[in-house]
Amino acid sequence: IFKANGRIDAGLRKHLGNSHKLVEYLYPSQKKQRPKVQPITPERKRDLDE
């Protein structure tokens with residue numbers, strides 16, 4: 001059984017959000033820290049792959 005206190009809980013939430021992409025577990029302040037990811041367009045991907 002997992003028991004967490006406040007300090008461990010924040011680290012666990014950050015781990016789940018960042019490593020496993022489970023962002024619903026992040027605190028609002030942790031969500032703001034996440035960088036915005038710009039997807040690569042298919043055309044740009046083809047250019048990079050050549």
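Entry remark, the stretch 36-46: residues being in a helix (DSSP H, G or I) and surrounded by 10 or more Cβ atoms within 10 Å (Cβ to Cβ) number 3 in total.
Among the candidates LYS21, LYS32, LYS3, single out the residue that is at pLDDT below 85 and either under 13 Å from the mean Cα position of the chain (by Cα) or surrounded by 11 or more Cβ atoms within 10 Å (Cβ to Cβ) (or both).
LYS32
Pairs are defined by a Cβ separation below 8 Å, a sequence spacing of at least 6 or placement on different chains, a first member in the stretch 14-40 that is free of Cβ contacts under 8 Å to residues at least 40 places away in the same chain, and a second member that is hydroxyl-bearing (Ser, Thr, Tyr); the pairs so defined are LEU16/TYR25; GLY17/TYR25.
The values are calculated or read from the model by the stated rules, or taken from the named source; none is laboratory data. Because the structure is a prediction, the values reported are computed rather than measured. So basically every Cβ, Gly included, is an ideal-geometry build from the backbone, and we count neighbours across all protein chains shown.
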